[in-house]
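Working notes, structure below.
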Amino acid sequence: MTFTQKLDQAWAASGSMLTVGLDPDPARFPAELQGRPDAIYEFCRAIVDVTAQYACAIKPQIAYFSAQRAEDQLEALCAYVHEQHPGLPIVLDAKRGDIGSTAEQYALEAFERYQADAVTVNPYMGFDSLEPYLAWDDKGVIILCRTSNKGGSDLQFVTAGDGTPLYLHVASLAAERWNTNGQCALVVGATFPEEIAKVRERVGDMPLLVPGIGAQGGDIPATVKAGRDSRGTGMMINSSRAILYASGGDDWRVAAAAAARATRDAINAAR
């Protein structure tokens, strides 16, 4: 099964466009996990278990694992998700971007070591830096396009010779030239709904990974209106900290589940 097929099934089965981001910060873990060598795995596993029914995907951010020398816990987590929640796609948030031979190794890391269904990549170095990921034709390649951070405009609004801003040029390249196997998606931040609408117009029903709601303050109704595809889905709307750290007390699992459910419901109410 390809990533796109798995994502389509997840949208249908869950009735949700919520993606739960996994950004584990041990300093914010509940007391019961403090000091445990497997704390990152146990925290993320519990979050997945209580939120999976409300989500269309999960998105572990690799830096949060590697900074804590917890790559083995990320491997174990991905294996657990595939075993216990086989219909839930794993998006590895790595934002890789390098020359072809190095990109081959990053692709192996994402798709073989971690068994991710999709990975985020940076297109700044052009097509040959993306090609090694696209060679895995059953995997998703999610390309940075219009990011949710304020500084994204420093480059993403630079215009091409015809006046097209760079982020829309990237969207056009992804839709018209790079997506030959139907495996591409784009990252478009919820903090800029007008730009989401412009990207959607350019790329048709290509999936969009949309960070920026929750702690980053993106507007859910505006995001859904701007980014939904012709079927009323088409988005992986990510929330991380607002779900992970909904409570630091003994009720952290219940609070995370409630936050995920409330976010899913808010997304669905805007469809």
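The values are calculated or read from the model by the stated rules, or taken from the named source; none is laboratory data. In this text the structure is predicted, and so the values were computed from the model without any measurement. Every residue, glycine as well, gets a Cβ built from its backbone with ideal geometry; the counts of neighbours run over all protein chains shown. In case anyone asks, the SASA skips ligands and DNA or RNA and just uses the protein heavy atoms, side chains included. Shrake-Rupley method; radii C 1.70, N 1.55, O 1.52, S 1.80 Å.
Go through segment 29-42 residue by residue and tally those that are surrounded by 14 or more Cβ atoms within 10 Å (Cβ to Cβ) and not small (Gly, Ala, Ser).
Going through segment 29-42 one residue at a time, the tally reaches 6.
Determine if segment 62-83 includes at least one residue that is open to solvent by 10 Å² or more (accessible area, probe 1.4 Å) and either closer than 17 Å to ALA185 by Cβ or at pLDDT below 95 (or both).
No, there is no match, as no residue in segment 62-83 is open to solvent by 10 Å² or more (accessible area, probe 1.4 Å) and either closer than 17 Å to ALA185 by Cβ or at pLDDT below 95 (or both).
Tell me the residue from MET17, MET1 that is out of contact with any Cys (no Cβ under 7 Å at 6 or more places or on another chain) and in contact (Cβ under 8 Å) with a residue 40 or more places away in the chain, please.
Exactly one residue qualifies, and that residue is MET1.
Return a yes/no flag: does segment 136-143 have any residue that is crowded, with 21+ Cβ neighbours inside 10 Å, modelled with pLDDT of 95 or more and closer than 16 Å to HIS169 by Cα.
Yes, because at least one residue in segment 136-143 is crowded, with 21+ Cβ neighbours inside 10 Å, modelled with pLDDT of 95 or more and closer than 16 Å to HIS169 by Cα.
Restricting attention to segment 153-172, which residues are touching a Lys or Arg at 6+ places or on another chain (Cβ under 7 Å) and in contact (Cβ under 8 Å) with a residue 24 or more places away in the chain?
Across segment 153-172, the qualifying residues are TYR167, LEU168, ALA171, SER172.
State which residue pairs qualify: first residue at pLDDT below 95 and in a loop (DSSP other than H, G, I, E, B) and inside segment 213-236, second residue open to solvent by less than 30 Å² (accessible area, probe 1.4 Å) and of a type in the set (Gly, Ala, Ser) in any location, beta carbons under 9 Å apart, and separation of 6 or more residues or different chains.
Matching pairs, first to second residue: ILE213/ALA190; ILE213/SER239; GLY217/ALA190; GLY218/SER148; GLY218/GLY189; GLY218/ALA190; GLY218/GLY212; ASP219/ALA190.
Tell me which of these GLY21 doesn't satisfy, since it passes every other one: (1) surrounded by fewer than 16 Cβ atoms within 10 Å (Cβ to Cβ); (2) within 14 Å of the chain's Cα centre (by Cα).
(1)
Go through segment 139-168 residue by residue and tally those that are under 21 Å from the mean Cα position of the chain (by Cα) and not aliphatic (A, V, I, L, M).
Residues flagged as under 21 Å from the mean Cα position of the chain (by Cα) and not aliphatic (A, V, I, L, M) within segment 139-168 amount to 13.
Taking ALA116 and the conditions (1) within 17 Å of the chain's Cα centre (by Cα); (2) open to solvent by 20 Å² or more (accessible area, probe 1.4 Å); (3) within 30 Å of ILE220 (Cβ to Cβ), which numbered condition does it fall short on, given that it satisfies the others?
Failing condition for ALA116: (2).
Residues checked against (1) out of contact with any strand residue (DSSP E or B) (no Cβ under 7 Å at 6 or more places or on another chain); (2) open to solvent by less than 10 Å² (accessible area, probe 1.4 Å); (3) not in a helix (DSSP H, G or I):
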residue	(1), (2), (3)
GLY161	yes, no, yes
VAL170	no, no, no
ARG177	yes, no, no
LEU186	no, yes, yes
ASP205	yes, no, yes
ALA256	yes, yes, no
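Report whether or not VAL170 is within 28 Å of GLN53 (Cβ to Cβ) and either in contact with a Ser or Thr (Cβ under 7 Å, 6 or more places away or on another chain) or modelled with pLDDT of 95 or more (or both).
In short, no.
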